[in-house]
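**Q** Dropping a structure here in structure tokens format, bear with me for questions.
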Amino acid sequence: MTGLDLGRTPARWQAWWRAEGATFELPSYEDALLAEQARNRNHDRGGTRSSFYGLEIVSKRVCFILDISGSMMGARIEAAKGELTAALERYPEGDLFNIIFYSTDVFPWRDKLVEMTKRNRTGSLEYVGRQTAAGGTAIYDALEAAFDDPLIDTIYLLSDGIPSAGKIVDPAGIRQEVARWNTARKVRIHTISLGGQGAQLLRWLSKDSGGRFKVVR
């Protein structure tokens, strides 16, 4: 409506309204649309779009969910941390994000989505760097933690194995529960399977939600 893009943080819009609201005039729909199209073109030309394992990140409310079970030990976890680090380094300021690591238990960086700021970028990168691999694979519990945040609309889920820990380990049962949660939410789930192990569940999750599925050998 305004033709402006101040992100999804209320404080930024409130500050703008205090400064300019009294005299601001709404642009026409056509002018607001042109402004949005110009921002998108500049964004593309600047090459600033973030991606994770080659999957472009276009949402502004993203949760990254990464497997750190024992089978991820060594090169796999280092590669995954490197991919996530690159995604976070280019993730736009003002957009919302969170990170959930999981093995036998679930380890969220924050309880809910937070705004990408310089401080949060530094903090999240430090959190990624501290992760080590051990334990089982509680995919269900990690997804449940993500769906507990009502603001999340996009998930990037990475795993290198089949579910082996958590409340539900049956892939068909996990698929059924996530589909039930997503009936109203419509969260898009992009999935990355390292090595192809457990790929069927990840393929189901992405297919059911309209996300993309990728196998990385």
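The values are calculated or read from the model by the stated rules, or taken from the named source; none is laboratory data. It should be emphasised that the depicted structure is a prediction, and the values quoted were computed from it without experimental measurement. Positions of Cβ are backbone-derived with ideal geometry, glycine not excepted, and every protein chain shown enters the neighbour counts.
**Q** Mind checking which pairs have a first residue in the range 78-90 that is part of a helix (DSSP H, G or I) and a second that is basic (Lys, Arg) and surrounded by 14 or more Cβ atoms within 10 Å (Cβ to Cβ), Cβ under 8 Å, 6 or more apart or different chains?
**A** That search, which allows pairs on different chains as well, returns 88/121; 89/121.
**Q** Among the residues of the range 102-117, is any within 20 Å of residue 89 (Cα to Cα), buried (at least 18 other Cβ atoms within 10 Å of the Cβ) and touching a His at 6+ places or on another chain (Cβ under 9 Å)?
**A** Within the range 102-117 (the criterion being within 20 Å of residue 89 (Cα to Cα), buried (at least 18 other Cβ atoms within 10 Å of the Cβ) and touching a His at 6+ places or on another chain (Cβ under 9 Å)), the answer is no, since none of the residues qualifies.
**Q** Considering only residues that are assigned to a helix (DSSP H, G or I) and among the small types (Gly, Ala, Ser), look in the range 109-141 and name the one that is nearest to residue 51 (Cα to Cα). Lay out the reasoning, then the answer.
**A** Within the range 109-141, the first condition is being assigned to a helix (DSSP H, G or I), and the residues that meet it are 118-129, 139-141.
Narrowing further to those that are among the small types (Gly, Ala, Ser): 123-124, 129.
Values: 123: 19, 124: 16, 129: 19 Å.
Among those that are assigned to a helix (DSSP H, G or I) and among the small types (Gly, Ala, Ser), it is 124.
**Q** Looking at the range 142-170, which of its residues are farther than 23 Å from residue 55 by Cβ and either in a helix (DSSP H, G or I) or aliphatic (A, V, I, L, M) (or both)?
**A** 165, 168, 169
**Q** Separate question: Evaluate the range 62-73: report whether one residue or more is farther than 17 Å from residue 102 by Cβ, modelled with pLDDT of 65 or more and not β-branched (Val, Ile, Thr).
**A** If we filter the range 62-73 for residues that are farther than 17 Å from residue 102 by Cβ, which is where we start, we get none.
Among the residues of the range 62-73, not one is farther than 17 Å from residue 102 by Cβ, modelled with pLDDT of 65 or more and not β-branched (Val, Ile, Thr), which makes the answer no.
**Q** Return the pairs, sorted by first residue and then second, in which the second residue is part of a helix (DSSP H, G or I), the first residue lies in the range 123-136 and is closer than 10 Å to residue 109 by Cβ, the beta carbons are less than 6 Å apart, and the residues are 6+ apart or on different chains.
**A** Pairs found: 124/88; 128/81; 128/84; 128/85.
**Q** Just to verify a result, which residue in the range 47-76, among those that are aliphatic (A, V, I, L, M) and surrounded by 21 or more Cβ atoms within 10 Å (Cβ to Cβ), is farthest from residue 111 (Cα to Cα)? Break it down into steps so the answer makes sense when it comes.
**A** Here is the first cut: in the range 47-76, the ones aliphatic (A, V, I, L, M) are 55, 57-58, 62, 65-66, 68, 72-73, 75.
Next cut, surrounded by 21 or more Cβ atoms within 10 Å (Cβ to Cβ) only: 62, 65-66, 68, 72.
Values: 62: 13, 65: 13, 66: 16, 68: 19, 72: 24 Å.
For the range 47-76, the residue satisfying everything is 72.
**Q** Is there any pair linking a residue in the range 101-118 that is in the same structural domain as residue 169 (by TED's automatic domain parsing) and within 16 Å of residue 147 (Cα to Cα) to one that is in a loop (DSSP other than H, G, I, E, B) and of a type in the set (Val, Ile, Thr), with Cβ under 7 Å and at least six apart or on different chains, and which?
**A** 101/68; 102/68; 113/152
**Q** Of all residues in the range 47-77, count the ones that are in a strand (DSSP E or B) and hydroxyl-bearing (Ser, Thr, Tyr).
**A** Looking only at that region, the number is 1.
**Q** Looking only at residues that are under 16 Å from the mean Cα position of the chain (by Cα) and of a type in the set (Gly, Ala, Ser) in the range 60-84, which one is nearest to residue 145 (Cα to Cα)?
**A** Going through the qualifying residues, I end up with 80.
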